[in-house]
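Working notes for the structure below.
The values are calculated or read from the model by the stated rules, or taken from the named source; none is laboratory data. Keep in mind it's a predicted model, so treat the numbers as computed, not measured. Using ideal geometry, Cβ is built from the backbone for each residue, glycine included, and neighbour counts are taken over all protein chains shown.
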Amino acid sequence: MKRKKTLNIAIVGLGNIGTFLFKYLNKNKKSLTKKTNVQPNILYVSAKNINKKRGIIINKKLWLKNYMDAAYKKEVDIVIELIGGADGAAKNLVFKALENKKHVITANKALIAKYGDKLSKIAENNKVNLEYEAAVCGGVPIIRLLKEGLIANNIKKVKGIFNGTSNFILTTMEKNKISFKEALISAQKLGFAESNPESDINGEDVASKLKILSSLCFNSFLNNNIYVEGIKNVDHDDIINADKLGYKIKLLGFSEVNQNKITQRVHPTLIKKNSYIASVNGVLNAIIMDGKPVGTSIIQGEGAGPEATTSALVSDISSILRGNIKYPFSISSKERKKIKFDSILNQKFSSYIRLDVLDKHGVLSNITSVLAKNKVSIKRLIQTPFKTKKHSCVIIITHKALDFDLMKTLAVLSKKNYTVSRPKLIRIDNN
């Protein structure tokens, strides 16, 4: 029988994900070898803290004193980067590994979103793979689906829940009737949110993932023209109001082509309670794509965590073991397009506007006058006086209006002397 080939792996970064991957590969080496006819062999590991307790035994011979050695060792075939961050160590390692003709696998969405175009060219020139399935939505195999499963389709729109932490927080606020701060603390205690959750709750994590998906869906280069708004300003009153109006609030990412221009946006969104995406709760992610000829495709699953991320990493490892050399962004850099990107300000939305105002004569008529002057028409209006305070809460659902006009309206209302707190606007998606 012909002897099976071996590919040597260096894992750089041994946090929760790196440690879980190390254990998985050692435990399932025979199974992966049978499926790919190539044996994966962990030759080296590297981490900032060698003495950290990881619950595994690692042979001293495997340790690299300098993480960059992984990019230079001739015997290394695959470098798996699990350091994180767009710059610094992760950037240095991945660039050098590709330049030295090593296959690279990464879970680093920030790195791919920022340097993906440059890294892709290096990988193509050196005929090696740059794989990043784990960078977008963890265990949801969206990257491979776009590169292979949906390759026949012309994708026009992608939207969804791309961050499990923010989804868990909003779900918990709704179900447990608690504040944003309380829901965040709960997420941190359960390990669903980092001690510093900024990139999750301010929308940046979703933005990185959306840039990558846009590039794959529309065969375009990565583009930073993206509107990003997080969930920090969503409070329990907004969730109650949404429920009364027949909606739920989710942090969604949208990327779509309209009149040969791409719009990328991330923001809290009111969605109908009976819609599919409204039922996606907790730490789950869900992606909806519209394409031809397939129509609408939906994929859902765990978005983060060691298990889900390892599933994606092993998928990438197996692809390399099988000998599949592929373009990182599905087509060659020469064929990718520089498509024009449009601002969210030029898009039309129906919106939820919340105003806390002084409860006095003439306020409501002035509000409606401001909206009319700025080309925003009212579909529904609810005024609720606060019994213990001398002000009212005014909830307005608008007809579709240009985002530019909605923002202008909000700016004018925020300066009125009857406005007691900063007005809020949440866009509505009725599709």
Out of all the residues in the range 308-358, which are of a type in the set (Asp, Glu) and touching a helix residue (DSSP H, G or I) at 6+ places or on another chain (Cβ under 7 Å)?
ASP316
Taking the condition of being surrounded by 22 or more Cβ atoms within 10 Å (Cβ to Cβ) and at pLDDT below 90, how many residues in the range 135-163 meet it?
7
Residues (modelled with pLDDT under 90 and touching a strand residue (DSSP E or B) at 6+ places or on another chain (Cβ under 8 Å)) located in the range 195-207
none
Just to check your reading of the model, which residue among ASN281, ASN274 is in the same structural domain as ALA183 (by TED's automatic domain parsing), assigned to a loop (DSSP other than H, G, I, E, B) and touching a Lys or Arg at 6+ places or on another chain (Cβ under 9 Å)?
ASN281
Tell me, which strands (runs of 3 or more DSSP E) lie completely within the range 358-431 with 1 or more residues that are exposed (fewer than 14 other Cβ atoms within 10 Å of the Cβ), assigned by TED's automatic domain parsing to the domain that holds VAL266 and in contact with an Asp or Glu (Cβ under 9 Å, 6 or more places away or on another chain)?
none
Please verify whether ALA97 is closer than 22 Å to VAL228 by Cα and not acidic (Asp, Glu), treating the condition exactly as stated.
no
Contacts under 7 angstrom Cβ, first residue in the range 107-130 being without any contact (Cβ under 8 Å) to a residue 60 or more places away in the chain and closer than 17 Å to GLY13 by Cβ, partner small (Gly, Ala, Ser) and surrounded by 20 or more Cβ atoms within 10 Å (Cβ to Cβ), 6 or more apart:
ASN108/ALA90; ASN108/ALA135; LEU111/ALA90
If I ask for residues that are part of a loop (DSSP other than H, G, I, E, B) and touching a strand residue (DSSP E or B) at 6+ places or on another chain (Cβ under 9 Å), which ones from the range 295-308 would you list?
GLY303, ALA304
Residue within the range 24-42 that is charged (D, E, K, R) and either part of a loop (DSSP other than H, G, I, E, B) or over 30 Å from ASN324 (Cβ atoms) (or both) present:
no
Contacts under 8 angstrom Cβ, first residue in the range 236-262 being touching a residue at least 40 places away in the same chain (Cβ under 8 Å), partner among the small types (Gly, Ala, Ser) and assigned to a strand (DSSP E or B), 6 or more apart:
LEU252/GLY160; GLY253/GLY160; ILE262/SER220; ILE262/SER255
Tell me the residue from LEU14, LEU21 that is of a type in the set (A, V, I, L, M), closer than 23 Å to LEU321 by Cα and part of a loop (DSSP other than H, G, I, E, B), please.
LEU14
Name the residue, out of SER279, SER297, SER275, that is touching a residue at least 60 places away in the same chain (Cβ under 8 Å) and polar (S, T, N, Q).
SER297
For ASN225, only one of the following conditions fails: (1) surrounded by fewer than 18 Cβ atoms within 10 Å (Cβ to Cβ); (2) within 19 Å of the chain's Cα centre (by Cα); (3) over 22 Å from LYS348 (Cβ atoms). What is its number?
(3)
Among the candidates LEU222, LEU251, LEU210, residue that is modelled with pLDDT under 95 and either within 27 Å of VAL394 (Cα to Cα) or not acidic (Asp, Glu) (or both):
LEU222
Selection count where residues are acidic (Asp, Glu) and outside any helix (DSSP H, G or I), scope the range 43-75:
1
In the set LEU21, LEU14, LEU64, the lone residue that is touching a Phe, Trp or Tyr at 6+ places or on another chain (Cβ under 8 Å) and farther than 13 Å from LEU93 by Cβ is LEU14
From ASN346, ASN430, which residue is touching a residue at least 24 places away in the same chain (Cβ under 8 Å) and closer than 20 Å to LYS272 by Cβ?
ASN430
List every residue pair whose Cβ atoms sit under 7 Å apart, with the two residues 6 or more apart in sequence or on different chains, where the first one lies in the range 39-51 and is closer than 16 Å to LYS23 by Cβ and in the same structural domain as ILE17 (by TED's automatic domain parsing) and the second, anywhere, is part of a strand (DSSP E or B) and polar (S, T, N, Q).
ASN41/THR6; ASN41/ASN8
I'm checking my understanding of the structure. Among residues of the range 271-283 that are buried (at least 18 other Cβ atoms within 10 Å of the Cβ) and in contact with a Phe, Trp or Tyr (Cβ under 9 Å, 6 or more places away or on another chain), which one is farthest from SER186 (Cα to Cα)?
ILE271
Only one of these conditions is not met by LEU7: (1) under 19 Å from TYR132 (Cβ atoms); (2) assigned to a helix (DSSP H, G or I). Which number is it?
(2)
